[in-house]
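Novice: A single structure is presented below for examination.
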Amino acid sequence: MKTLYLDCFSGASGDMLLGSLFDLGLNRSRWMSEMKKLRLPEKWKVQLSKEERHGISGVHLEVKVAGAQKKRIGVVTHSHYHHHHDHDHSHDHGTGSHSHSHTHHEEGAHCHDSHESTSHHDHSHGRSWRDIRGLIEKSKLSPSVKKRASAAFLRLAEAEGKIHGKSPEKVTFHEVGAVDSIVDTIGFCLGLELLGIDRVLCSPLVDGRGFVRAAHGMLPIPVPATLECLKGIPIQQSEEPFEMITPTAACLLAEWVEKFALMEFEGVERIGYGVGSRHLKSRPNVVRAILLKENEVERVEKIQVLETQVDDCTGQQLGHLMSLLFKAGAFDVFYTAVQMKKNRPGVLISVFCRPPLAVKLRDLIFIHTTTFGIRMKLVERTILESRFVKGKVKGKGVQFREGWLRGKKIKSQPEFEEIKEIV
């Protein structure tokens, strides 16, 4: 199992996260070959340069779009709200980079539309969440990259939609910004796959303080979209008067990170640094990506537990509820017979899920049962590393599931669904 730990002591942005993967050893040519499967209509390229922040050297990544005069990353709803500030705390025009001696360019795929050279100058147009989802679904990227990238964009669309009282379908991503956001978001998901990363851990997050200017006025830091994406995730503010966590990074971290906690591991295999454009006074503006030695970290994660007792629901109602909860993403749902007040026999409903799904599942319980109250708590669970291998039972091929603990196999059992066809 390959585990990546992201140390975000200076916040994070999409290009800083992706840059850290390149510094970690992500093969640029292979990554670019896969990214061309996305078939973006705009002509774009990535520029990778080695730069320093407070003496730490890493990869500074920029996505450049043909004809774009200024990088303006973010989203806009139909009410024409948009962020001017997103993407890697950039545009600190007062200070230059320390080193540009190792700069690489890779050309992105593009079509030969006669309007291509001017269409993305017009900031009144953009891509909706539906457009981006269609772009991802029609690509020839791997199913896992499509799934994770779509989920990350959906988080951002839902966050913006909630802030502005609109459905995710009505959230429109700024056109030039969408190119950067698409490349950063999908590129990060692709990079993790190409590096063979199985799980991602992250430090508690750090943002700046104060306000940033947007189209309709000043926004507090963390900006609303970022804060919405990071609900339930530990964040602290620093003394830096800048936005340090961008919405793009927020939705990626919320989608990928299994646990936000301080470093608790023994072995380090490789380290990479993704460099942001701004020069911060109090700290190096970098994301540190740490590839851990395999099997050095036990898999511990936070899960949400929802519980309630009912004594006036029918079996049909409870059976239907269980189906809905599993369909909505619950890890496990089970019912336990309990004794309730007035000597009534009742049922304890127990639901386990990832924290971001807790509110959705809670609402399903409220809607489809008679309960007026639900207990909710966060607990930790430890999971064995699982490996699936082929074996034989009575001369026939069967898949076995192995359990590994700290590098040692401690159990192996055949999949029952395959066994019952043989016995």
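The values are calculated or read from the model by the stated rules, or taken from the named source; none is laboratory data. As the structure is a computational prediction, the values presented were derived from the model and not from experiment. Quick reminder, even Gly has a Cβ in these numbers, built from the backbone with ideal geometry, and neighbours come from all protein chains shown. When the accessible area is computed, the model is the full protein with side chains, heavy atoms only, and any ligands, DNA or RNA have been set aside. Shrake-Rupley method; radii C 1.70, N 1.55, O 1.52, S 1.80 Å.
Novice: For R278, R30, give me the order by solvent-accessible area with a 1.4 Å probe, most accessible first, ignoring ligands, DNA and RNA.
Specialist: Final ranking, largest accessible area leading: R30, R278.
Novice: Roll a 1.4 angstrom probe over the protein heavy atoms and tell me the percent of accessible area of the stretch 307-423 that is carbon or sulfur. The partial results should precede the final answer.
Specialist: Working: 4300 of 7880 Å².
The value for the stretch 307-423 is 55 percent carbon and sulfur by accessible area.
Novice: Tell me which lysines have Cα within less than 19 Å of K170's Cα, excluding those fewer than 8 residues away on the same chain?
Specialist: Excluding near neighbours in sequence, the set is K162.
Novice: Using a 1.4 Å probe and counting only protein heavy atoms, arrange H320, H279, H60 so the residue with the most accessible area comes first.
Specialist: Output order, biggest surface exposure first: H320, H279, H60.
Novice: How many Å² of accessible area per residue for the stretch 241-386, probe 1.4 Å?
Specialist: Details: 7360 Å² over 146 residues.
In whole numbers, the stretch 241-386 has 50 Å² accessible per residue.
Novice: Would you check the accessible area of T226, probe 1.4 Å, heavy atoms only, in square angstrom rounded to 10?
Specialist: My reading of the accessible area for T226 is about 0 Å².
Novice: Hey, another quick one. Tell me the label-point distance for the pair K281, M263, using the 7 Å Cα-to-Cβ offset, in nm and rounded to one decimal.
Specialist: A separation of 2.7 nm, rounded to one decimal place.
Novice: Give the Kirkwood hydrodynamic radius (Å, one decimal) of the stretch 292-423, defined as one over the mean of 1/r across all pairs of different Cα atoms. Walk me through the intermediate numbers first.
Specialist: Numbers: mean 1/r = 0.0566 Å⁻¹.
Averaging 1/r across every pair of different Cα atoms and inverting gives 17.7 Å.
Novice: Round to the nearest 0.05 the FRET efficiency obtained for R30 and K390 when R0 = 35 Å and r is the Cβ-Cβ distance. Walk me through the intermediate numbers first.
Specialist: Details: r = 28 Å, r/R0 = 0.81.
In this case the efficiency is close to 0.80.
Novice: For all pairs of alpha-carbon atoms in the stretch 256-338, what percent lies in each bin of width 10 Å, listed from the first bin to the last filled one?
Specialist: Over the stretch 256-338, the share of Cα pairs per 10 Å bin runs 12, 27, 19, 18, 15, 9, 1 percent.
Novice: What lysines could a cross-link reach from K408, if we take a straight Cα to Cα line under 28 Å and drop same-chain neighbours fewer than 8 places away?
Specialist: K2, K259, K293, K302, K390, K392, K394, K396
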